[in-house]
Amino acid sequence: MAHILTVFGTGEGQTEKIADSITEEFRARGHEATTVNVAEIDSELDIDEFDAVLIGASVHYGRQQKSVRQWVKTNRDVLVRTPNGFFQVSGASGAKNDEGLAEATGYLDKFIDATNWQPDRIALFGGALRFSEYGFLKRALLKFIVRNQEFETDESGDAELTDWESVVSFAGEFAVFVEERLGEAVEAD
Ligand SMILES: Cc1cc2nc3c(=O)[nH]c(=O)nc-3n(C[C@H](O)[C@H](O)[C@H](O)COP(=O)(O)O)c2cc1C
């Protein structure tokens, strides 16, 4: 059994929902999982005590949370010698076309450049567009950002672009990668 740390940044909670789903899958596979919001992280948390580290961040105005970038930079030395992964949540990844993928990959490349960290495993997930919960300015800006995107909305005009099956399968693949790196065989339930 591995102890996997997941650290995530979130603006409106979608990345937390995704981190929770990943955590559930780690536990279902017999691993211990600790999941923390980077904004609430305990300064005493010692990442050396974990067997693997997964980082998650969402994209707002073209960038991931500064606090996530900062945390990665601070912990980079330990991170690179621990099995690690990164998942990014964005509106662009919810677009099922090449432009969306190119945009999401562009955000990721900037993150890798800024942190000087090349994650072992990477996933790009679509986020959620909760227009009904934003104020006027935020709603207008987000509508502009996703203007070329097609998506289905619910009765309040919101859209969840997250493919939950991909989230669970990434969690499973990451768990297997960690097991292999640790040379352990963990029996799935
Ligand atoms: C103010 C705002 C700005 C956003 N900017 C972008 C953006 O530049 N590119 C993009 O692909 N998605 C953008 N999004 C979509 C978010 O990535 C998406 O809503 C995601 O689910 C947010 O995750 P979170 O709730 O964990 O913060 C933006 C969303 C908001 C609310």
Kirkwood-based Rg/Rh on the Cα set of region 90-140 evaluates to 1.08
Please list LEU54, LEU182 from largest to smallest accessible area, probe radius 1.4 Å, with all protein chains kept in place. LEU182, LEU54
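Return the calculated 222 nm mean residue ellipticity for the chain, to the nearest 500 deg cm²/dmol, obtained by summing -39500 (n - 2.57) across DSSP H runs with n ≥ 4 and dividing by the residue count. If you can, show how the numbers build up before the last one.
Values: 5 runs with 77 residues, N = 189.
It comes out at -13500 deg cm²/dmol, rounded to the nearest 500.
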Ordered by residue, what ³J(HN,Hα) values in Hz, to whole numbers, does region 131-146 give under the Karplus form 6.51 cos²θ - 1.76 cosθ + 1.60, where θ = phi - 60° and Gly and Pro are x? 3, 5, 9, 8, x, 4, 5, 4, 4, 5, 5, 5, 4, 5, 4, 9
Between the Cα axis of helix 14-28 and the main Cα principal axis of the chain, the angle (0 to 90°, nearest 10) is 30
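Whenever you get a sec, compute what percent of the accessible area on region 112-189 sits on carbon and sulfur atoms (1.4 Å probe). Numbers along the way, then the final one.
Numbers: 2310 of 4910 Å².
Roughly 47 percent of what the probe reaches on region 112-189 is carbon or sulfur.
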Of ILE47, HIS31, VAL59, whose Cα points farthest to the positive end of the dipole of region 21-64 (charges on the beta-carbon: +1 Lys, Arg; -1 Asp, Glu; origin at the Cα centre)? VAL59
Each residue of region 98-110 in turn: what ³J(HN,Hα) in whole Hz from Karplus with 6.51, -1.76, 1.60 and θ = phi - 60°, glycine and Pro shown as x? 5, 5, x, 5, 5, 5, 5, 5, x, 4, 5, 4, 5
Size of charge dipole - region 1-96 - debye, nearest 20, with Cβ of Lys, Arg +1 and Asp, Glu -1, no other charges: 640
Please list, in chain and number order, the residues 5+ apart from ALA128 or on another chain whose amide H is under 5 Å from its amide H, with Hs placed from the backbone. LEU161
How large is ³J(HN,Hα), in whole Hz, for each residue of region 55-72 in order, when computed from phi with the Karplus curve 6.51 cos²θ - 1.76 cosθ + 1.60 and θ = phi - 60°, using x for Gly and Pro? 10, x, 8, 10, 9, 10, 6, x, 9, 7, 4, 4, 4, 6, 4, 5, 4, 5
Need the C-alpha centroid separation for region 7-38 versus region 63-94, integer Å. 14
Under a 1.4 Å probe, counting only protein heavy atoms, TYR107 has an accessible area in Å², nearest 10, of 30
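What dipole magnitude, in Debye to the nearest 20, does the chain give about its Cα centre under +1 on Lys/Arg Cβ and -1 on Asp/Glu Cβ? Please report the intermediate quantities before stating the final value.
Details: 18 positive and 35 negative charges, 211 e Å.
That gives the chain a dipole magnitude of about 1020 debye.
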In nm, give the distance between the simple-model label positions of ASP77 and SER21, each being 7 Å from the Cα along the Cα-to-Cβ direction. 3.7
Could you state how much accessible area TRP164 has, in square angstrom rounded to the nearest 10, with a 1.4 Å probe and all protein chains kept in place? 80
Share of alpha-carbon pairs per 10 Å distance bin for the chain, given as whole %: 9, 37, 35, 16, 3, 0
Tell me which residues come under 5 Å, amide H to amide H, from GLY9 once H is placed; ignore anything under 5 positions away on its chain. VAL38, GLY56, ALA57, SER58
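The values are calculated or read from the model by the stated rules, or taken from the named source; none is laboratory data. No experiment lies behind these values; they were computed from the predicted model shown. For neighbour counting, all protein chains shown are included, and Cβ atoms are generated from backbone atoms with ideal geometry for every residue, glycine included. These area figures cover heavy atoms from the full protein model, side chains too; ligands, DNA and RNA do not enter into them. Shrake-Rupley method; radii C 1.70, N 1.55, O 1.52, S 1.80 Å.
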